[in-house]
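Below is one structure; the comments refer to it alone.
The values are calculated or read from the model by the stated rules, or taken from the named source; none is laboratory data. What you see is a predicted model, and the numbers here were worked out from it, not measured in a lab. Ideal geometry is used to build each Cβ from the backbone, glycine not excepted, and the neighbour counts take in all protein chains shown.
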Amino acid sequence: MKKISFLVLIAMILSLNGCGSSPTIVSESNETVTQEVELSTEEESTNETLEEDTLATDVLIINSEEESTTSTTDEENSTIENPKPESINVGFGGACAFPFTSKDEEELIWVSAKDLVLDEAIASNDYYAEIKVYDPDAFSTLQSYLKKSKYVVFWITKGWEESWFNLDEIQTLIDSGYTPVFNYWYFGDTLLNGLPDDDAKEAYNSDAKRVSDMLASLSGEVLLVLEPEFNKESIVKDEETQHLFANILQGVVDIFKTNNSNLLLGLSMMDTGKRNVNEVENCGYEQCALGDKEAWEKPEIVYEDLLESLDFVAFNQMLASFSRDYENPGDWDNPNPRNYSDEELGIDYFADRMVNFSTFLNEKYHKLVFMPYMAIATATWSDEDEDGEIDENEVSKSGWVDRAESVYRTMRDKRESLKDAGLFGYATMALFDDPRHDYGGYQYFMNNEYHLGIVETGAQDEVDSAAYGDLTFKGEILSLLFGE
């Protein structure tokens, strides 16, 4: 398969359309023990009474005042009340507009996230009718679920342009009771190489000022998640490196806090912990599928250094039945694929792990917890010819839909437990499968990069430039996420 430059791909996308040109580009790191996920670990004491701070609809209780950090002993720490949300809400991501192949295949049709939620006449939209194999009834059905969401998630990546974001549409979402979430993924996988140099830090500060100015133009509360997946081994390897990285983040935090009174800041990380049902040592739980406190502790210094400036802490979760081999991932263009069993991934304990993860963060840092994105890739791979390579005919697009559906079902069933654990919300990373997701990039999940969404279409992986309009809902995931 011929690769194209990731930056060239971005440039091609940006040249297409205004808000619709927001590229859904999210790479994954090669450091997860089984797949990617984040965790934050930080210690802080706060004896102040928490006040309600409405994230557009009174769903989140957080302290909007300066919090004290005087707790120094376990005994003192145990007396601190951990904040709990009034409710738990869900959302979807991850773009201002989603690309679809047009009927003539010469251009892309961009479907606005705002329209997916608010345009009651989306089935009769003349522009969207030009989508290849457009199913208007399916779009109407999709909207009936998405309008029940709370969070709409966008990504800001290095090299972003303001044209990626239609601020008027985002303001309309805010005015209609929805909360925009921006994942600010600037350094991304480049952190695999270690701390940024002085030039990179200076560029980061300049970029953050641009982001801050853009978000300041929005009226209403906005969530900004800093550098998700920051906890690469190169960053958490020692105390000095963690302090240095926290200092880099503090510089941009100060920029955001100075310029945006309605902006709520969080820091998100991967869950790099053990997941195998049959592993029991050094995880802090009966078995490692339920959590891995040892891994969750690692980025503690970064969180401790920033905690006074954070309004919430966050983690993200991504799982797939196959990916690069985490023990031997291969190089950029020559990955080594690996299948995982359900037991290795601990997939049956996913929701329990989320409860434990949220509880860990809530009790350690005394902050509310958010999951800005989660994804359960739905394809499976069977190496029929046993050559260690993924052939197109060896991939089943829907092979893991039942496992993904089971995850979302248990997440729904445990929403009350998740809320009690301090989690105020979570969102699915990808709404639609993207046949070119991270094409030419690192692609940790390999062919499963194209099956991270909760809605499938007839587009062909790596061949078609974008999704089709013949939406196929994966199992009951939509109703499990957004139903009553």
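A single entry from Val302, Val313 fulfils the requirement of being among the aliphatic types (A, V, I, L, M) and not in a strand (DSSP E or B): Val302.
A single entry from Gln287, Gln242 fulfils the requirement of being crowded, with 19+ Cβ neighbours inside 10 Å, polar (S, T, N, Q) and over 21 Å from the mean Cα position of the chain (by Cα): Gln242.
Confirm whether Ala314 is in contact (Cβ under 8 Å) with a residue 60 or more places away in the chain and more than 13 Å from Leu361 (Cβ to Cβ). No: the conditions fail for Ala314.
Restricting attention to the stretch 97-122, the residues that are buried (at least 17 other Cβ atoms within 10 Å of the Cβ) and either at pLDDT below 95 or among the aromatic types (Phe, Trp, Tyr) (or both) total 3. Does the stretch 416-425 contain any residue that is of a type outside the set (Asp, Glu), out of contact with any strand residue (DSSP E or B) (no Cβ under 7 Å at 6 or more places or on another chain) and surrounded by fewer than 22 Cβ atoms within 10 Å (Cβ to Cβ)? Yes, some residue in the stretch 416-425 is of a type outside the set (Asp, Glu), out of contact with any strand residue (DSSP E or B) (no Cβ under 7 Å at 6 or more places or on another chain) and surrounded by fewer than 22 Cβ atoms within 10 Å (Cβ to Cβ).
Can you confirm whether Ile174 is surrounded by fewer than 20 Cβ atoms within 10 Å (Cβ to Cβ), in contact with a strand residue (DSSP E or B) (Cβ under 7 Å, 6 or more places away or on another chain) and closer than 20 Å to Pro372 by Cα?
Numbers: surrounded by fewer than 20 Cβ atoms within 10 Å (Cβ to Cβ): yes; in contact with a strand residue (DSSP E or B) (Cβ under 7 Å, 6 or more places away or on another chain): yes; closer than 20 Å to Pro372 by Cα: yes.
Yes.
Select from the stretch 443-458 the residues that are in contact with an Asp or Glu (Cβ under 8 Å, 6 or more places away or on another chain), assigned to a loop (DSSP other than H, G, I, E, B) and surrounded by 24 or more Cβ atoms within 10 Å (Cβ to Cβ) and list them in ascending order. Tyr444, Phe445, Leu452, Gly453, Thr457 - these are the residues of the stretch 443-458 that are in contact with an Asp or Glu (Cβ under 8 Å, 6 or more places away or on another chain), assigned to a loop (DSSP other than H, G, I, E, B) and surrounded by 24 or more Cβ atoms within 10 Å (Cβ to Cβ). Among the residues of the stretch 422-438, which ones are in contact (Cβ under 8 Å) with a residue 60 or more places away in the chain and either among the charged types (D, E, K, R) or within 20 Å of Cys96 (Cα to Cα) (or both)? Listed by number, the residues that qualify are Gly425, Tyr426, Ala427, Thr428, Met429, Ala430, Leu431, Phe432, Asp434, Arg436, His437, Asp438.
The selection criterion, being surrounded by fewer than 24 Cβ atoms within 10 Å (Cβ to Cβ), in contact with a strand residue (DSSP E or B) (Cβ under 7 Å, 6 or more places away or on another chain) and either not in a loop (DSSP other than H, G, I, E, B) or not hydrophobic (A, V, I, L, M, F, W, C) (or both), does not hold for Val152. Would you confirm whether any residue within the stretch 77-89 is closer than 16 Å to Gly469 by Cβ, touching a residue at least 24 places away in the same chain (Cβ under 8 Å) and surrounded by 15 or more Cβ atoms within 10 Å (Cβ to Cβ)? Checked the stretch 77-89: no residue is closer than 16 Å to Gly469 by Cβ, touching a residue at least 24 places away in the same chain (Cβ under 8 Å) and surrounded by 15 or more Cβ atoms within 10 Å (Cβ to Cβ). What is the residue count in the stretch 76-96 for residues that are under 18 Å from Tyr365 (Cβ atoms), outside any loop (DSSP other than H, G, I, E, B) and either at pLDDT 90 or above or not small (Gly, Ala, Ser) (or both)? Residues in the stretch 76-96 being under 18 Å from Tyr365 (Cβ atoms), outside any loop (DSSP other than H, G, I, E, B) and either at pLDDT 90 or above or not small (Gly, Ala, Ser) (or both): 2 in total.
If the requirement is being farther than 17 Å from Asp271 by Cα, in a helix (DSSP H, G or I) and of a type in the set (Ser, Thr, Tyr), which of these qualifies: Tyr349, Tyr408, Tyr439?
Tyr408
The single condition among (1) surrounded by fewer than 24 Cβ atoms within 10 Å (Cβ to Cβ); (2) more than 18 Å from the chain's Cα centre (by Cα) that Lys367 does not satisfy is (1). Considering only residues that are part of a loop (DSSP other than H, G, I, E, B) and over 18 Å from Asp168 (Cα atoms), look in the stretch 102-119 and name the one that is nearest to the chain's Cα centre (by Cα). Among them, the one singled out is Glu107.
Here Ile156 clears all of (1) aliphatic (A, V, I, L, M); (2) under 22 Å from Asp311 (Cβ atoms); (3) in contact (Cβ under 8 Å) with a residue 60 or more places away in the chain except the condition numbered (3).
Within the option set Ser396, Ser417, being closer than 20 Å to Ala314 by Cβ and over 20 Å from the mean Cα position of the chain (by Cα) holds for one residue only, Ser417. Checking the structure you have, find out if any residue of the stretch 311-320 is of a type in the set (Asp, Glu), within 25 Å of Pro85 (Cα to Cα), in contact with a Gly (Cβ under 7 Å, 6 or more places away or on another chain) and buried (at least 18 other Cβ atoms within 10 Å of the Cβ). For the stretch 311-320, residues of a type in the set (Asp, Glu), within 25 Å of Pro85 (Cα to Cα), in contact with a Gly (Cβ under 7 Å, 6 or more places away or on another chain) and buried (at least 18 other Cβ atoms within 10 Å of the Cβ): present.
The helices (runs of 4 or more DSSP H) found entirely in the stretch 192-265 that carry 1 or more residues being touching a Leu at 6+ places or on another chain (Cβ under 8 Å), under 23 Å from Tyr178 (Cα atoms) and modelled with pLDDT of 95 or more are 198-216, 239-259.
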